[in-house]
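Worksheet for the structure shown next.
Bear in mind that the values in this text are calculations on the coordinates, not laboratory data. Since we're looking at a predicted model, the values are computed, not measured. Neighbour counts run over all protein chains shown; Cβ positions are idealised from the backbone, glycine included.
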Ligand SMILES: [Zn+2]
């Protein structure tokens, strides 16, 4: 019995000593790798020649941000549970890259961004849609991830009205990339369905606006022909 106990203790000691010297695998490393992979893919696909870098931040806030001086983009740990796939992560990163493009424009632009935050949030959303599409991701993912995080700081800015902001993105996709709405991979997604439910009247106005514009351009052409 004594031998067995001694053996047990020696095994216990040897394993604990062996593990103390082993490098600990960082459980956050896969997130960091994923962020860089998607971030640099978006930069390259869009021929963005301004330097930006991507970091995973061990912080429970539901947030993402870019630092104006260093152009470091941080995705917070608290945001991870709200992301279901690469498209949604790409959407968040693309929004921050869009801010980065403005920040690279210099002091005057940075001041304008501080003075008119909502205007530049909406601009970042539209630029993000272009960046996402050019990198081969689905732009509807931006609507999905914002619909899940409405009211959270910075990324889904509490300063701008959620419905209005989502309608702004929808309008841009409707106008510029309608194929994503026709062949819609998100039709059965519960967050997309919730977006459809909560923006019924806004989307009806957008459809009406573009139908009227189409009619106008057709009748203008006919008038010119006569
Ligand atoms: Zn933003």
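What FRET efficiency do you get for residue 49 and residue 84 if R0 is 35 Å and r is their Cβ-Cβ distance, rounded to the nearest 0.05?
0.65
Residue separation times 0.36 nm, minus the C-alpha to C-alpha distance between residue 214 and residue 187: what's the value?
Between residue 214 and residue 187, full extension yields 7.1 nm more.
Between residue 224 and residue 40, what is the spin-label point distance in nm, taking each point 7 Å from the Cα along the Cα→C-beta axis?
Taking the simple label geometry, residue 224 and residue 40 are separated by 4.8 nm.
Given R₀ = 25 Å, what would the calculated FRET efficiency be for residue 105 paired with residue 175, taking r from the Cβ atoms and rounding to 0.05?
0.50
Can you put 95, 104 in order, fewest other beta carbons within 10 Å first?
So the ranking, lowest neighbour count to highest, is 104, 95.
Quick check: from the Cα gyration tensor, does the range 28-225 come out rounded (a/c under 1.5), prolate or oblate? Walk me through the numbers on the way to the answer.
Details: a/c = 1.81, a/b = 1.51, b/c = 1.20.
Taking the square roots of the gyration eigenvalues as a ≥ b ≥ c, the range 28-225 is prolate.
Output the relative contact order of the range 28-225, whole-number percent, from Cα pairs under 8 angstrom with separation of 6+ residues. Present the calculation step by step, with values, prior to reporting the outcome.
Numbers: 235 pairs, mean separation 34.3, N = 198.
Computed over the range 28-225, the figure is 17 percent.
When DSSP beta bridges are limited to those with both residues in the range 28-225, what percentage is antiparallel, rounded to the nearest 5?
40 percent
Which ordering of 47, 207, 41 is given by a fewest-first count of other beta-carbon atoms within 10 Å?
Ordered from fewest to most neighbouring Cβ atoms within 10 Å, 47, 207, 41 come out as 47, 207, 41.
May I ask what percent, to the nearest 5, of DSSP beta bridges between residues of the range 45-146 are antiparallel?
Numbers: 3 of 8 bridges.
If we restrict to bridges inside the range 45-146, about 40 percent are antiparallel.
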